[in-house]
């Protein structure tokens, strides 16, 4: 139905009018960093010892069943054609109107255009089973799916984002709700990763730095990207840097407190192949406020 839809069909680029058919990609051997499969012999022995110790979490009993939903629903056949960047949002809206929401995926393992980022989790960092389950949903068919991971407060959402970055191994831009949070994210990256400190920088009111090298990580805030005030020369240069390149992964922290217009402005101004939102709830603060006052 979608392939024959006139509103979508007209956006197919010239030379790509032919629709390619192939088997849908499967897992393909992706190993998520921080899991037992990714650990070496020494780390495997360590994980075996610590696995006997009970791990207390704030997870409710219904979290694991929720994570298991939708397994085994991948399509067996994939049809593909190319559309221009400017038409992506139009096609997304059209598919949504037809009750066929688009699933965004990034085939990062075969991305030769963007340089790889040399990062790995430190040997003593191991993600927990529910974190691994969340990430398996993101990388379940061998590609990076864009979406939102919802985990209760205090269950390590930051580590989930870091593990996702280690899996994709491309340049990463992180959006935070405050400068304090941005500094904390950078510290967590440095604590969890084997990475050169010059490869991860912050873009806040207090610090405006571009990372060294062809690939890296930059942590900023929603307000720094979307402000309508006159920018300093440094801010203009960094915004041009953010908007002028392709990012492998965009991590969006605290998406439930970000107004829809701000969220849309961020993802439209910074081009990223995959986007991962991290939150403890899908209920926006604006909706909560209206509910509490009604």
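Of all residues in segment 209-225, which are part of a loop (DSSP other than H, G, I, E, B), buried (at least 18 other Cβ atoms within 10 Å of the Cβ) and without any contact (Cβ under 8 Å) to a residue 24 or more places away in the chain?
Hit for segment 209-225 is 211, nothing else.
Do you know which residues across segment 242-274 are at pLDDT 90 or above, touching a helix residue (DSSP H, G or I) at 6+ places or on another chain (Cβ under 6 Å) and not in a loop (DSSP other than H, G, I, E, B)?
If the condition is that a residue be at pLDDT 90 or above, touching a helix residue (DSSP H, G or I) at 6+ places or on another chain (Cβ under 6 Å) and not in a loop (DSSP other than H, G, I, E, B), then 243, 249, 251, 262, 265, 266, 269 are the ones that fit.
Across segment 226-241, what is the total count of residues that are in contact with a helix residue (DSSP H, G or I) (Cβ under 9 Å, 6 or more places away or on another chain) and either under 26 Å from residue 118 (Cα atoms) or part of a loop (DSSP other than H, G, I, E, B) (or both)?
4
From 117, 103, which residue is in contact with a strand residue (DSSP E or B) (Cβ under 8 Å, 6 or more places away or on another chain), buried (at least 20 other Cβ atoms within 10 Å of the Cβ) and assigned to a loop (DSSP other than H, G, I, E, B)?
Being in contact with a strand residue (DSSP E or B) (Cβ under 8 Å, 6 or more places away or on another chain), buried (at least 20 other Cβ atoms within 10 Å of the Cβ) and assigned to a loop (DSSP other than H, G, I, E, B) holds for just one of 117, 103, which is 117.
Residues of segment 184-203 being within 24 Å of residue 127 (Cβ to Cβ) and in a strand (DSSP E or B), which ones?
Within segment 184-203, 193, 200 meet the criteria.
Exactly one condition in (1) crowded, with 20+ Cβ neighbours inside 10 Å; (2) in contact (Cβ under 8 Å) with a residue 24 or more places away in the chain; (3) within 16 Å of residue 162 (Cβ to Cβ) is not met by residue 200; state its number.
The number of the failed condition is (2).
On the given criteria, is residue 181 at pLDDT below 95 and either part of a loop (DSSP other than H, G, I, E, B) or closer than 29 Å to residue 282 by Cα (or both)?
no
(1) modelled with pLDDT of 95 or more; (2) within 18 Å of residue 246 (Cβ to Cβ): which one isn't true of residue 161, the others all being true?
Condition (2) is where residue 161 drops out.
Might you check whether a residue that is in contact with a helix residue (DSSP H, G or I) (Cβ under 6 Å, 6 or more places away or on another chain), closer than 20 Å to residue 104 by Cα, in a helix (DSSP H, G or I) and touching a residue at least 40 places away in the same chain (Cβ under 8 Å) occurs anywhere in segment 147-158?
no
Looking only at segment 159-178, how many residues end up being under 13 Å from residue 253 (Cβ atoms) and not in a helix (DSSP H, G or I)?
7
From the list 132, 206, exactly one residue is in contact with a helix residue (DSSP H, G or I) (Cβ under 9 Å, 6 or more places away or on another chain), at pLDDT below 95 and in a helix (DSSP H, G or I). Which is it?
Details: 206 fails: in a helix (DSSP H, G or I).
Only one candidate passes the filter, namely 132.
Given the conditions (1) out of contact with any strand residue (DSSP E or B) (no Cβ under 7 Å at 6 or more places or on another chain); (2) surrounded by fewer than 21 Cβ atoms within 10 Å (Cβ to Cβ); (3) more than 24 Å from residue 107 (Cα to Cα), report the number of the one that residue 141 does not fulfil.
It fails just one condition, (3).
The values are calculated or read from the model by the stated rules, or taken from the named source; none is laboratory data. Everything quoted here is computed from the prediction, not taken from an experiment. Positions of Cβ are generated from backbone atoms using ideal geometry, with glycine treated the same way; all protein chains shown enter the neighbour counts.
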